[in-house]
1. Rank GLN44, TYR24, THR71 by how far each Cα sits towards the positive end of the charge dipole of the chain (+1 on Lys, Arg Cβ; -1 on Asp, Glu Cβ) and give me just the farthest.
2. Are any of the pairs LYS30/LYS109; LYS82/LYS109; LYS109/LYS129 more than 18 Å apart by Cα-Cα distance, and if so, which?
3. What number, rounded to the nearest 500 deg cm²/dmol, is the helix-based mean residue ellipticity at 222 nm of the chain, given -39500 (n - 2.57) per DSSP H run of at least four residues and division by all its residues?
4. Under 16 Å from the Cα of LYS114, which aspartates and glutamates turn up, not counting those fewer than eight places away in the same chain?
5. Two decimals is fine: what is log10 I(q)/I(0) at q = 0.12 Å⁻¹ for the chain, from a Debye sum with one equal scatterer on every Cα and no solvent?
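Every read-out reported here was derived from the displayed coordinates using simple, explicitly stated rules and does not represent laboratory data. Fair warning: this is a prediction, and the values are worked out from it, not measured in the lab. Note that we place each Cβ from the backbone using ideal geometry, even for glycine, and neighbour counts take in every protein chain shown.
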Amino acid sequence: SDGSNYADGVGSWLDPYNAEFRDYIVALAKELADMGFDEVLLTQVCHPDTDPSTLAYSASSTNASASSAVTGFALYVTRALKSSGLVVSVVGTRDAIAQKEGNLNGQNKALFRKIFDRVYCFTSASEYKTYMDDCGKLVTVGDINTRFVPVCSGDLPDTQCWVLQGSAG
């Protein structure tokens, strides 16, 4: 209510309705495209684990929800980048992908499959198949094997599209 960013134990959060913030993300992505990058991967596209009605947003909304805030941001950014030629991807949380009860972060796995070119998920080689099966039912365009990307450390998943997360050391 005082105009500052909401902060919690995870960190500081930016208002997904804020036009300047949205335009800034789009401008950064376009700059990357101009530099020759072919994909941008958005992380932390989620809502804090708190009741949205307790937050003050820059846009007035009579029906504010975590899902509407996150989905609105995602739609704005991907639509603004449509002509850039960039593949626009996002990191999905395990809770959202598994549709875990009590997940309040606003990510909707069905909508993310329609909005983003790829959805990455930090998982293990042994767990990724469960998530891929869950997500596969929702992919109506393209191939689930290239649209859902497991990010694993250690053992590699049994798929051709993955990211190996390196270990520090």
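1. Working it through, the farthest residue towards the positive pole turns out to be THR71.
2. From LYS30/LYS109; LYS82/LYS109; LYS109/LYS129, over 18 Å: LYS30/LYS109; LYS82/LYS109.
3. -9500 deg cm²/dmol
4. Hits, sequence-local ones excluded: ASP134, ASP143.
5. -0.59
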